[in-house]
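Novice: Below: one structure in C-alpha cells.
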Amino acid sequence: MPLSQFKIPSNWEISEFSKIAELRHGYQFRNYDYTEKGIRIFKITQIKANGSIDLSACSFIDSNRISQFDRIVLNKGDILMALTGATIGKIARFNSDELVLQNYRVGNFFSQDEKILSKDFLYHFLRSDYFFNQLLARQTQSAQQNIGKDDINNMSVFLPPITEQHAIASILSALDDKIENNLAMNRTLEEMAMALYNHWFVDFGQFQDGKFVPSELGDIPEGWETKGLLEITDLLTGGTPKTKVEEYWNGNIPWVSAKDLANSGSIYTTSTERTISEKGLKHSAAKILPEDSVIIVARGSVGKLGMIAKPMAINQSCFGLNSNGGDYSPGLIYLLITRLVDRFQRISYGSVFDTITTSSFSTTKIVCPPSALVKELASLIDPMFLKIKQNTIENETLTNLRDTILPKLINGEVRLKEFEETIANVL
C-alpha cells in the first residue's frame with residue numbers, strides 16, 4: 001500500500017524521492033573497444049541475486065581514457081541498483097577500493113543533503129519491501145522491464161529525524177558487518193583447507209623426499225594406492241514428488257535443488273526454497289541425506305557443489321555423496337569432489353544434455369594415501385569445516401533477525417530500544 005497510509009511516529013515525515021535523493025545513470029559505452037585489462041566497467045551482471053557484488057567478470061576499457069569518465073567513477077560505499085535484467089531492482093553496496101566505472105544500466109543513489117537523509121539509512125530503505133513494492137507496482141504497468149529516473153523520482157521515502165536515521169542504519173549495518181565477517185572467515189577457512197589438501201594429497205608436498213612408484217594415475221608415493229571413487233563414498237540420488245499433489249509439498253523436509261546450493265554464500269546450505277512432506281518423500285524417489293553430505297548438481301548448473309547443514313532431501317538433478325564409513329570425513333570428501341569437478345564437467349559436456357551420470361562416478365579413480373595420513377589430515381581440516389558450518393548457521397539467524405526488524409525500524413512500527421537486548425546478544 002502507499003506509504004502515506006502508514007501510521008508513522010509524529011516526528012517522522014514521508015517525502016518524495018526526488019526532493020531528498022537522486023538516481024544517477026552511468027555511461028552506455030557504445031562503440032567502445034573492450035580490452036583484456038585496464039579499467040573495469042561495472043554492469044548489472046555484477047549485482048547478484050543475493051545483493052552481493054562480483055567484480056570477477058567485468059569488462060575493461062583502455063586505462064588511458066579515464067579522464068573522459070570522472071563522473072562515473074564508483075566510490076566505496078556507493079549504493080547501486082540493477083535497472084534491468086534478471087536482478088532488476090536488486091540493491092548492492094560498492095565495497096571495493098579498485099578503480100571501476102559505472103555502466104548505464106546500473107543506477108547509483110545519492111542523498112541530496114546528508115543532514116536531511118543519511119546515505120546509510122537510504123541504503124537500508126532501498127533494500128526494504130516498501131521500496132521494492134513501489135517498484136513492482138510501476139513495473140506491472142510497463143511493457144519493458146526497465147527502471148528509469150521517473151520511476152524512482154515518483155516514489156516515497158520514510159524520513160525519520162536524522163539522529164534516528166543514523167541509529168537505525170548503525171544497528172542494521174552492524175548486523176550486515178557480522179554476516180559479511182562470517183562469510184569472509186568462511187572463505188578463508190575453505191581456502192586454507194583446500195591449500196592443505198592440495199599440498200598433502202595432490203602435490204605430495206609432505207612426501208617429496210620419499211620414494212615414488214608408478215600407478216595408473218601417474219607416479220605416487222610408495223605405500224599409496226589408487227581406488228575407485230565409490231570405494232570410499234556412497235552415491236545417493238534424489239527425486240521429485242508429483243508437483244500436482246499438494247499434500248506432497250510444503251512439509252517439514254528441506255528439498256535441495258541447484259538454486260539452493262551456495263545461496264548462503266558459503267559451502268553449507270541451511271535452508272531450501274521448497275520443502276516436501278512425509279507423504280511426498282514416501283511417494284517419490286527422494287531420500288533424506290544425512291547432515292554434512294556433499295551435494296553436486298548433475299544437470300543444468302553442472303558441477304555446482306555444496307554441503308548440507310542438516311538432513312535434507314535432494315531432487316533428481318543432484319547427487320549426494322558421503323563417507324561409506326571409512327577414513328574420509330565429510331570435509332575431505334568435499335575437497336576431493338571439488339578437485340574432480342572439472343573432470344566431471346568435461347565428461348558431461350560431451351553428452352547430449354550436459355549431464356553428470358552415475359557412470360561419471362563409478363569410472364573415476366583417485367589416489368588414496370594410507371589410512372593414518374587420511375585421518376591426520378582430517379583432524380586438521382574437520383575443525384575448519386565445523387567452524388564454517390557454525391558461521392553459516394549463525395548467518396541464517398542474523399539474516400532472519402535483520403530481515404524481521406528492518407521493515408519495522410524503517411517504518412517506525414517499533415523503536416530501536418525494543419530490539420537493543422536482542423541485537424546485543426547476537427553481535
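Novice: What is the calculated FRET efficiency for Arg71 to Arg343, with r their C-beta to C-beta distance and R₀ = 60 Å, to the nearest 0.05? Please report the intermediate quantities before stating the final value.
Specialist: Details: r = 48 Å, r/R0 = 0.79.
Working from the Cβ atoms, E equals 0.80.
Novice: Follow-up question, since we're still on this one. Quick check for me: using +1 on Lys/Arg Cβ and -1 on Asp/Glu Cβ, what's the dipole size of the chain about its Cα centre, in debye to the nearest 20? Each step should come with its number before you reach the end.
Specialist: Values: 44 positive and 50 negative charges, 236 e Å.
Charge dipole, the chain, about its Cα centre: 1140 debye, nearest 20.
Novice: Could you state the per residue volume, in Å³, of the convex hull enclosing the Cα atoms of the chain? Intermediate values should be presented prior to the final figure.
Specialist: Working: hull volume 86.4 nm³, N = 427.
Enclosed volume per residue, from the Cα hull, is 202 Å³.
Novice: Hey, can you rank 111-119, 60-68 by average C-beta count inside 10 Å, highest first?
Specialist: Numbers: 111-119: 15.0, 60-68: 12.2.
Going by the mean number of other Cβ atoms within 10 Å, highest first, we get 111-119, 60-68.
Novice: Among Ile162, Leu229, Leu23, whose Cα sits farthest toward the positive end of the charge dipole of the chain (+1 at Cβ of Lys/Arg, -1 at Cβ of Asp/Glu, about the Cα centre)?
Specialist: The listed residue farthest towards the positive side: Leu23.
Novice: Given a Förster distance of 51 Å, report the FRET efficiency between Ala372 and Tyr34 from their Cβ-Cβ distance, rounded to the nearest 0.05.
Specialist: On the way: r = 53 Å, r/R0 = 1.04.
Calculated value: 0.45.
Novice: Compute the distance from the alpha-carbon center of the stretch 379-427 to that of the stretch 94-136, in whole Å.
Specialist: Value for the Cα centre distance between the two parts: 23 Å.
Novice: Just from its helices, what would the mean residue ellipticity at 222 nm be for the chain, if runs of 4 or more DSSP H residues each count -39500 (n - 2.57) and the sum is divided by every residue, rounded to the nearest 500 deg cm²/dmol? All intermediate terms of the calculation are to be shown ahead of the outcome.
Specialist: On the way: 10 runs with 140 residues, N = 427.
After summing the helix terms and dividing by residue count, I get -10500 deg cm²/dmol.
Novice: Here's another thing I want to ask about it. Compute the helix-to-body angle for 129-139: its Cα long axis versus the longest principal axis of the chain, expressed 0 to 90° and rounded to tens.
Specialist: So the helix axis and the longest Cα principal axis differ by about 80 degrees.
Novice: OK, next. Do any of Lys242/Lys389; Lys387/Lys417; Lys178/Lys287; Lys279/Lys387; Lys242/Lys287 go past 25 Å between their Cα atoms, and which?
Specialist: Working: Lys242/Lys389 32 Å; Lys387/Lys417 32 Å; Lys178/Lys287 35 Å; Lys279/Lys387 35 Å; Lys242/Lys287 15 Å.
Long pairs (Cα-Cα over 25 Å): Lys242/Lys389; Lys387/Lys417; Lys178/Lys287; Lys279/Lys387.
Novice: Would you be so kind as to identify which of Gln68, Thr422, Ala137 lies farthest towards the positive end of the dipole of the chain, taking Lys and Arg as +1 and Asp and Glu as -1 on Cβ and the Cα centre as origin?
Specialist: Of the options given, the answer is Ala137.
Novice: If I fit a long axis through the Cα atoms of helix 162-197 and take the longest principal axis of the Cα atoms of the chain, what angle between them do I get, 0 to 90°, rounded to 10?
Specialist: 20 degrees
Novice: Also, quick follow-up: Which one of Asn153, Phe212, Ile179 has its Cα pushed farthest toward the positive end of the charge dipole of the stretch 67-219, where Lys and Arg give +1 and Asp and Glu give -1 at the Cβ?
Specialist: Of the options given, the answer is Asn153.
Novice: To the nearest 20 debye, what charge dipole does the stretch 88-182 have about its Cα centre, counting +1 at the Cβ of each Lys and Arg and -1 at the Cβ of each Asp and Glu?
Specialist: Details: 9 positive and 12 negative charges, 62 e Å.
Charge dipole, the stretch 88-182, about its Cα centre: 300 debye, nearest 20.
Novice: Something else: Taking the 0 to 90 degree range and rounding to the nearest ten, how far is the long axis of helix 330-348 tilted relative to the main principal axis of the chain, both from C-alpha atoms?
Specialist: 90 degrees
Novice: Rounded to the nearest 0.05, what FRET efficiency do Thr363 and Asp403 give with R0 = 45 Å and r taken as the Cβ-Cβ distance? Could you check? Intermediate values should be presented prior to the final figure.
Specialist: Values: r = 45 Å, r/R0 = 1.00.
That pair, Thr363 with Asp403, gives E of 0.50.
Read-outs: derived from the displayed coordinates by stated rules, not from any lab. As the structure is a computational prediction, the values presented were derived from the model and not from experiment. So basically every Cβ, Gly included, is an ideal-geometry build from the backbone, and we count neighbours across all protein chains shown.
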